[in-house]
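Step one of this worksheet: look at the structure below.
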2 protein chains.
Amino acid sequence: MTKQDVINQILGKNKSSDYYGTVTAFAPVNIALIKYWGKRNEILNLPVTDSLSISLTNLGTTTELSVNNNKDTVFLNDKKIDEHSDFFNRIVNFVDLFRPDPEFYFTVKTKNDIPTNAGLASSASGFCALTNALNKLFSWNLDHQHMSIIARLGSGSACRSIENGFVYWHAGKQQDGMDSYGETLSYKWSELTIGILTVSDKPKVISSRKAMSLTSKTSLLYKNWSERISHDLKSLLGSLKEKDMKRFGEITESNALSMHATMLDTKPPILYWLPETVQYMREIWNLRENGISVYFTIDAGPNIKLIFDKKDSNTIKKYFPEVKLINIW
Amino acid sequence: MTKQDVINQILGKNKSSDYYGTVTAFAPVNIALIKYWGKRNEILNLPVTDSLSISLTNLGTTTELSVNNNKDTVFLNDKKIDEHSDFFNRIVNFVDLFRPDPEFYFTVKTKNDIPTNAGLASSASGFCALTNALNKLFSWNLDHQHMSIIARLGSGSACRSIENGFVYWHAGKQQDGMDSYGETLSYKWSELTIGILTVSDKPKVISSRKAMSLTSKTSLLYKNWSERISHDLKSLLGSLKEKDMKRFGEITESNALSMHATMLDTKPPILYWLPETVQYMREIWNLRENGISVYFTIDAGPNIKLIFDKKDSNTIKKYFPEVKLINIW
């Protein structure tokens, strides 16, 4: 089963329909609360486990897509991207799936509100925004479920950026992955606040794609990852229902640390943290010991995402003046 | 089965024999290359897995032991220790096992060449030196195997400090732990050099005793720890035989990181690292990328132990002027 097979299954004859000149689309960054780490199918980006994220609403990627008569051209943050770069190639490999004919080229102008490729989920919002843009350009009028599936083919976690709020990514069981997509949950939690502490905006040394592949192949501890996820998902959904910040924060934080634990157990070991990451973790734990209800999660990068109740925003800003607060609802 | 049962089994009628006035004994610190993490019996300090260490020969604890007519008195580095402290109580609980009569008291004067209780294995050398001293004081003339078993009752890893060089701690299977002791291996490797980078000499926030208990009770990833240890022990013994520094270093390093991984997966998470720990780790990995064959291990603390070939000592000193080099052979 190839990506093209999946696309053909979804688009059918729609594939080579009419198109508009230029369209613009947006997709939010999403932060995993229960992590996605490891694939059951590396081609279709089908995950080993379910995962759960929260979308950052107004923070993400805006992509302008148009047709180009000459050749594929990609801009990132107004800068033309080298055709030999990985970034360029990932986008071209993705849009390859949608060309009405081989001489049909795209101009992709993408802008990120956040640093690119630094463990801040820019590829998730990026591929989702591009999927949204393709849907507009070709007037596919796809529903979110199918757009989610398409976005996943670009980058696994992109399938969660299709929705706002809490999003549950079903791992699914089918070989073609038609049951593996992001679905919005009905929970709203307007007090829940996310703050970003950027330790480094430099590109990561190892892609999460490669890192999770190494982990699942070499870590013995990873063998219990699925079981861990099942426990954590169940508990997190319970805490969401009750808006129980303590439980919610503790599960989120410990799930993230577990993911980083499986990386440490990988051969060779993978460590995304920088000294400042540990510094922040310790400061957060100190604050908690002093009665301030703040938790964190860390993705495949050195940066910290704080989780706390909106009422504590001023306290958090006092301790972390550099924090970027995110409005979700 | 209590500690006293084990002691009675070993000492028999020897227990209340004559004693000298004052004796002095030494035991080296040992650094685990394949870690001990988790107990099958928390009273007798019987481990879940075998482990393997190297003793630091001249770096350790010197203990002067004498009889006191009045009450137990403990000195650490020439300072009298408060009778309400944990340190005092651990020593008194241990010597309780050996009093010829209830009115028999000890004066224990212990000196560490290394910071106490900072993940630098001071309790291992400490309890082993105390065991050595007791053996002298009461003229038990015990063999190393039995002294190792006694030292283990004070602190698990103390059983490895009974010998120099490479020491293999058999987990054993017996309930009374008479098959669980440290045994010296015949391998010598005079080029193998250890360097200590002290990040912090402050006492750790959670004892390794408590940390490993929490890990084994709450970490799902820990379920595969035994399997991991079996693999690593086998590989490490192979690398020792061939004096293969690359393999030896890689296994040692990755085994340590795995142990820290199980801590991260513990609920609540345990992290002994400080920002400087990560800084050092990254510097070491950088050096390796630049062709310098240096590896590290980390125990239950923030400090780094470097592993390298003696011929690289000057290079290591150049990059880490603060390093404390250890002569092993």
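In chain B, once you exclude exposed GluC sites (Glu not before Pro) (DSSP loop, at most 15 other Cβ within 10 angstrom), what's the longest stretch remaining?
Answer - B:104-190.
Restrict the search to region B:167-255; then list the chymotrypsin sites (Phe, Trp or Tyr not before Pro) that DSSP places in a loop and that have at most 16 other Cβ atoms within 10 Å of their Cβ.
Here the chymotrypsin sites (Phe, Trp or Tyr not before Pro) that fit, given the DSSP loop and packing criteria, are B:Tyr187.
Which of the aspartates and glutamates could be linked to B:Lys39 by a straight reach, that is with a Cα gap under 12 Å, when you skip same-chain ones fewer than 8 residues away?
Correct list for B:Lys39: B:Asp50.
Going Cα to Cα from A:Lys136, which lysines come in below 21 Å? Please leave out same-chain ones fewer than 8 positions away.
A:Lys3, A:Lys13, A:Lys15, A:Lys71, A:Lys109, A:Lys111
On alpha-carbon atoms, Rg over Rh for the protein assembly as shown using Kirkwood Rh? The partial results should precede the final answer.
Working: Rg = 29.1 Å, Rh = 27.3 Å.
Looking at the protein assembly as shown, the ratio lands at 1.06.
What's the long-distance tail for region B:148-225, i.e. % of Cα pairs beyond 21 Å? List each step's numbers first, then the result.
Working: 1538 of 3003 pairs.
So the pairs more than 21 Å apart make up 51 percent of the total in region B:148-225.
Please compute the length gained on full extension between A:Lys317 and A:Lys202, using 0.36 nm multiplied by the number of residues separating them and subtracting their Cα-Cα distance. Write down the numbers at each step before the final one.
Details: separation 115, 0.36 × 115 = 41.40 nm, distance 2.41 nm.
Residue separation times 0.36 nm, minus the Cα-Cα distance, leaves 39.0 nm.
Can you give me the Cα centroid spacing of region B:181-229 and region B:4-64 in angstrom?
Rounded to whole Å, the Cα centres lie 16 Å apart.
For region A:96-175, which trypsin sites (Lys or Arg not before Pro) are both in a DSSP coil and crowded by at most 12 other Cβ atoms within 10 Å?
Values: sites: A:Lys109, A:Lys111, A:Lys136, A:Arg152, A:Arg160, A:Lys173; in loops: A:Lys173.
Those satisfying the criteria are A:Lys173.
Binned at 10 Å from 0, what are the whole-percent values of the Cα-Cα distance distribution for region B:192-326, short to long?
Percent of pairs per bin, in order: 12, 39, 35, 14, 1.
Scan region B:42-100 for trypsin sites (Lys or Arg not before Pro) in coil per DSSP, keeping those whose Cβ has at most 14 other Cβ atoms within 10 Å, and list them by number. List each step's numbers first, then the result.
On the way: sites: B:Lys71, B:Lys79, B:Lys80, B:Arg90; in loops: B:Lys71.
Within region B:42-100, the qualifying trypsin sites (Lys or Arg not before Pro) (loop, at most 14 other Cβ atoms within 10 Å) are B:Lys71.
Whose amide H sits under 5 Å from the amide H of B:Phe296, counting only residues 5 or more places off or on another chain, with H placed in the peptide plane?
Those qualifying (amide H under 5 Å, at least 5 residues apart or on another chain) are B:Glu253, B:Ile307.
Quick one: with label points 7 Å out along Cα→Cβ, list the inter-copy distances for A:Gly12 in nm, shortest first?
9.0
Using Cα pairs closer than 8 Å and at least 6 residues apart in sequence, work out the relative contact order for chain B, in percent. Walk me through the numbers on the way to the answer.
On the way: 667 pairs, mean separation 68.8, N = 329.
RCO, chain B: 21 percent.
Over what distance in Å are the Cα centres of region B:234-286 and region B:129-173 separated?
26 Å
Calculate the mean, over all residues of peptide A:214-227, of how many other protein chain Cβ atoms lie within 10 angstrom of the residue's Cβ.
On the way: counts 0, 0, 0, 0, 1, 5, 12, 13, 3, 5, 7, 3, 1, 3.
What the average comes to for A:214-227 is 4.
Please report, for B:Leu185, the nm distances (one decimal) from its label point, 7 Å out from Cα along the beta-carbon direction, to the equivalent points in the remaining copies, shortest first.
4.8
Given labels modelled 7 Å from the Cα in the Cβ direction, how far is it in nm from B:Asp176 to A:His144?
6.8 nm
Full-extension gain between A:Arg282 and A:Phe75, please, as 0.36 nm times their residue separation minus the C-alpha to C-alpha distance.
Working: separation 207, 0.36 × 207 = 74.52 nm, distance 3.89 nm.
Computed gain between A:Arg282 and A:Phe75 is 70.6 nm.
Tell me, A:Ile81, B:Ile34 in order of fewest to most beta-carbon neighbours within 10 Å?
Values: A:Ile81 18, B:Ile34 28.
In order of increasing Cβ crowding within 10 Å: A:Ile81, B:Ile34.
Give me the Kirkwood hydrodynamic radius of region B:3-184, using the inverse of the mean 1/r over all pairs of distinct Cα atoms, in Å to one decimal. List each step's numbers first, then the result.
Details: mean 1/r = 0.0623 Å⁻¹.
16.1 Å is the Kirkwood radius here.
Treating the beta-carbon of each Lys and Arg as +1 and of each Asp and Glu as -1, no other charges, what is the dipole magnitude of region A:189-292 about its Cα centre, to the nearest 20 debye? Display every interim value, and only then the final one.
On the way: 15 positive and 12 negative charges, 103 e Å.
Using only the charged Cβ atoms, the result is roughly 500 debye.
If I model a spin label at B:Thr218 and B:Val67 as a point 7 Å from the Cα along the Cα→Cβ vector, what separation in nanometres do I get?
4.8 nm
Rounding to the nearest 10 and keeping the result within 0 to 90°, find how far the Cα-based axis of helix B:144-154 lies from the longest principal axis of chain B.
90 degrees
Inter-copy label distances at A:Asn327, 7 Å along the Cα→beta-carbon direction, one decimal in nm, shortest first?
7.0
On a 24 Å Cα-Cα criterion, which of the cross-link pairs B:Lys223/B:Lys243; A:Lys210/B:Lys305; A:Lys35/B:Lys267; A:Lys234/A:Lys317 come out too long?
Values: B:Lys223/B:Lys243 31 Å; A:Lys210/B:Lys305 29 Å; A:Lys35/B:Lys267 17 Å; A:Lys234/A:Lys317 32 Å.
Listed pairs above 24 Å: B:Lys223/B:Lys243; A:Lys210/B:Lys305; A:Lys234/A:Lys317.
Please get the size of the charge dipole for the protein assembly as shown, origin at its Cα centre, with Cβ charges of +1 on Lys and Arg and -1 on Asp and Glu, quoted in debye to the nearest 20. Display every interim value, and only then the final one.
On the way: 78 positive and 70 negative charges, 12 e Å.
Here the size comes out at about 60 debye.
Among B:His260, B:His170, rank each residue by its count of other Cβ atoms within 10 Å, from fewest to most, as a rough exposure measure.
Details: B:His260 23, B:His170 17.
Least crowded to most crowded, the residues run B:His170, B:His260.
Between B:Asn8 and B:Asn93, what is the FRET efficiency for a Förster distance of 22 Å, r being their Cβ-Cβ separation, to the nearest 0.05? Walk me through the intermediate numbers first.
Values: r = 16 Å, r/R0 = 0.75.
So the FRET efficiency works out to roughly 0.85.
How big is D for chain A, in µm² s⁻¹ as a whole number, if Stokes-Einstein is applied with the Kirkwood radius of its Cα pairs at 20 °C and 1.002 mPa s?
Numbers: Rh = 20.2 Å.
Estimated via Stokes-Einstein, D reaches 106 µm²/s.
In straight Cα distance, which aspartates and glutamates are under 16 Å from B:Lys217, not counting same-chain residues fewer than 8 positions off?
Within the straight-line cut-off, B:Lys217 pairs with A:Glu227, B:Glu42, B:Asp265.
Only the coordinates and a few stated rules stand behind these numbers; no lab work does. In this text the structure is predicted, and so the values were computed from the model without any measurement. FYI the Cβ positions are ideal-geometry reconstructions off the backbone, even for glycines, and counts take in every protein chain you see.
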